[in-house]
Amino acid sequence: MSTLPRLLTERSALFLDFDGTLADLAGRPDAVEVPPALVTLLNGLHQRLDGALALVTGRAREDLEPMLASPWPWPAAFEHGAVRLSPHGGAATTRPSGLARAIAAAEQLVARHAGLLLERKQTSMALHYRQAPMLEALCMSALTQAITDEPGLQLLQGKAVVEVKSARVSKGAAIEAFMQEAPFAGRLPVFAGDDVTDEAGFEVVQRLGGEGIKVGDGPSLARHRCPSPEALRAWLADALSLSSPRP
């Protein structure tokens, strides 16, 4: 396992996925438990990096605000970058057309099969099959067929989930957009994620001279590894402690 990179320097910018990275995965998205000290840790990192911290997640803002903080305090890219909240509070949203057909196909599957869960977002949808893993192929086939005539949509398979989103957005594109803005511009990006949906982010940060951190098992472009969300939180807390001003 690679040694994790040094994080908190005046040249660092930090990007973090949520599910499976900062918090452990659960059977349902609404069952994820947020560690008690996570918000305090994120606030500390945000302050020590002079604001150069952003969450980059497939989650909708409406899902995460009740779990983490309301009003939302940090820059963030939600829904794989389709909804991006800039460091200065401005929000940009990319809404694809043709999503209704994919949602209808997912609704039919959920009505017929126990264990499936449809998650509707502003700009995308996610069909979760963690509680019915034998239905993976069926979910993939139905949604692939539903977007066959929609070139503006993209099928994205993650950990026990199939998502349909705009083909124009990705976590990598969101990170690139942040890196053109203060306080991120001119810094070296570090991105931690756990899923195939995070690979575009790893590619971007490493191309820009930064570091990617893969949380958990599986093939990855990331040059660094971390075994679990708990280990990542411990590394972040340690980096924050080491960087704090001494009395």
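The values are calculated or read from the model by the stated rules, or taken from the named source; none is laboratory data. Bear in mind the structure is a predicted one, so any value in this text is a computation, not a measurement. Using ideal geometry, Cβ is built from the backbone for each residue, glycine included, and neighbour counts are taken over all protein chains shown. Remember, those area values only see protein heavy atoms, side chains included, never the ligands or the DNA or RNA. Shrake-Rupley method; radii C 1.70, N 1.55, O 1.52, S 1.80 Å.
As a test of the formula, what do you get for the chain when each DSSP H run with n ≥ 4 contributes -39,500 (n - 2.57) and the sum is divided by the residue count, at 222 nm and rounded to the nearest 500 deg cm²/dmol? Numbers along the way, then the final one.
Numbers: 7 runs with 75 residues, N = 247.
After summing the helix terms and dividing by the residues of the chain, the value is -9000 deg cm²/dmol.
Leaving out ligands, DNA and RNA, what percent of the accessible area of region 97-247 is carbon and sulfur, probe 1.4 Å? Provide the component values of the computation, followed by the final result.
Details: 3750 of 6960 Å².
That share works out to 54 percent.
Choose one of Q157, A76, Q206: the residue whose Cα lies farthest towards the positive end of the charge dipole of the chain (beta-carbon charges +1 Lys, Arg; -1 Asp, Glu; about the Cα centre).
My answer, from the dipole projection, is Q206.
Taking only the alpha-carbon atoms of the chain, what semi-axes of the equivalent ellipsoid follow from 5 times the gyration tensor eigenvalues under a square root, in whole Å, largest first? All intermediate terms of the calculation are to be shown ahead of the outcome.
Values: eigenvalues 193, 70, 55 Å².
They are 31, 19, 17 Å, listed largest first.
Is region 192-247 rounded, prolate or oblate when judged by the Cα gyration tensor, a ≥ b ≥ c being the square roots of its eigenvalues, rounded requiring a/c under 1.5 and prolate requiring a/b larger than b/c? Intermediate values should be presented prior to the final figure.
Numbers: a/c = 3.42, a/b = 1.64, b/c = 2.08.
Oblate.
Just how large is the dipole of the chain about the Cα centre, in debye to the nearest 20, putting +1 at every Lys and Arg Cβ and -1 at every Asp and Glu Cβ?
Details: 24 positive and 28 negative charges, 68 e Å.
Here the chain has a charge dipole of around 320 debye.
Would you mind listing how long region 34-160 runs along its three principal axes, going by Cα atoms, in whole Å with the largest first?
Sorted largest first, the three principal extents are 48, 31, 19 Å.
Can you tell me the orientation of helix 99-112 relative to the chain, as the angle in degrees between its alpha-carbon axis and the longest Cα principal axis, to the nearest 10?
70 degrees
For Cα pairs less than 8 Å apart in space and 6+ apart in sequence, what is the mean separation divided by the residue count of the chain, i.e. the relative contact order in percent? Numbers along the way, then the final one.
Details: 466 pairs, mean separation 57.7, N = 247.
Reported as a whole number, the value is 23 percent.
Counting alpha carbon pairs within less than 8 Å and at least 6 residues apart, what relative contact order, in whole percent, applies to region 108-245?
Values: 199 pairs, mean separation 18.8, N = 138.
Relative contact order comes out at 14 percent.
Please give the contour-minus-distance gain from R6 to Q47: 0.36 nm per residue of separation, less the Cα-Cα distance, rounded to one decimal in nm. Provide the component values of the computation, followed by the final result.
Values: separation 41, 0.36 × 41 = 14.76 nm, distance 1.72 nm.
Difference between extended and current length: 13.0 nm.
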